[in-house]
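All of the numbers you see were taken from the coordinates with simple rules; none came from a lab. What you are looking at is a predicted structure, and each value in this text was computed from that prediction instead of being measured. Cβ: placed from backbone, ideal geometry, glycine included. Neighbour counts: every protein chain shown.
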Amino acid sequence: MGKPFHRLIPALLAGLALVMATSAGAQPLAKTLFGAVDGPSRGPSLAIGSYSRGCAQGLVRLPQTGPTWQAMRLSRDRNWGMPETVSFIEDLSRYAATLRGWNGLYVGDIGQPRGGPMASGHASHQMGLDVDIWMLPGTDMRLSRAEREKISSIPIRTADQRNVTRNWDRQHYLLMRRAAMDPRVDRIFVAAAAKIAMCNATPANDRGWLQKIRPWFGHNYHFHVRLKCPSGDPLCRTQRPTVAKLSKGGDGCDATLNWWVTDLLNPPKGQPKKPAKPKGPPKRTARTYVLSDLPSQCATVLSSP
């Protein structure tokens, strides 16, 4: 049987808004269009475009609750991903349940039902190949929907951004190491202080996986896993440069890492001022993309039943 009519209303409204805006010469924001649809498009699973400018066909929903995971902030409806992403989460959560003090994972945002730009929170997560894993150990796998809206993760980086807090422990290290060693994973974003702690804790004969751990702003309460384009997906664009090229085949535990907790936070005196912003209309971003900024296939994804 097909979906009940009320389940089709958001997609119909999104399509109607697109037709009306186009006929009136306006440019509807892509985040509004994709945010209005509450179900995936038909067809085989395809990641389309790039992580920060794309959409996805045939996404699947991570079940809200599994034996070793819980999807958090269910009101956002962002627990949709490529089949490879859902499988990765299930696998990593089973490993997490073997760690001391953990019974599984609290899973943050993956993507919207059809991917695309979001109204808030992320510039990426647009193809169903990104997932945020909370730093809070998953102890209770029976949280209610209301509890998942109220509970918060924990910070693992100090306020000055230079060190890890007491919340950071060996279990976080082991969990991220396991994720980085998964061949499906392209890179992992986390606070620079955590990357430094991992570099310091890793012996010389076990450092190859560290090149996937990338320091980035804001990843203090969660770490962000980005999967590679699925094999045989012709519409998915691999992120460039690759992690291996970024670190020149090394582990990334060098002077460039130290920059995140030194010069970035306290720039040396005498540095040249930032160049003046170029004149002209502001460059569009994920927040202001219109549908025509995305790959052409995204219009079909959006209008699909």
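Neighbour counting of Cβ atoms within 10 Å sorts the residues Lys212, Lys269, fewest neighbours leading, into Lys269, Lys212.
The value for the chain of Rg(Cα) / (2.2 N^0.38 Å) is 1.06.
Working from the Cα coordinates of the range 132-189, the gyration tensor eigenvalues give, after taking √(5λ), semi-axes of 22, 18, 11 Å in decreasing order. In angstrom, the C-alpha Rg and Dmax of the range 163-230 are 11.4, 37. Compared with the dominant Cα axis of the chain, that is its longest principal axis, helix 170-181 is turned about 60°.
The modelled label-to-label distance between Asp140 and Ser292, using points 7 Å beyond Cα along the C-beta direction, is 5.1 nm.
Taking 0.36 nm per residue of sequence separation and removing the Cα-Cα distance, the Leu174/Ala299 pair yields an extension gain of 40.9 nm.
For the pair Asp160 and Ala97, a Förster radius of 45 Å applied to the C-beta separation gives a FRET efficiency near 0.85, rounded to the nearest 0.05.
The Cα-based radius of gyration and maximum Cα-Cα distance (Dmax) for the range 102-173 are 14.4, 39 Å. In the chain, the DSSP-assigned H stretches of four residues or longer account for a calculated mean residue ellipticity at 222 nm of -7500 deg cm²/dmol, using -39500 (n - 2.57) per stretch and the full residue count as denominator. With Cα atoms as the point set, the range 42-115 shows a radius of gyration and Dmax of 13.1, 41 Å. Ranking of Trp168, Trp216 by neighbouring Cβ atoms within 10 Å, starting from the fewest: Trp216, Trp168. Centroid-to-centroid, using Cα positions, the range 27-48 and the range 87-147 are 20 Å apart. When each of Asp160, Asp140 is scored by the number of other beta-carbon atoms lying within 10 Å, the sequence from fewest to most is Asp160, Asp140.
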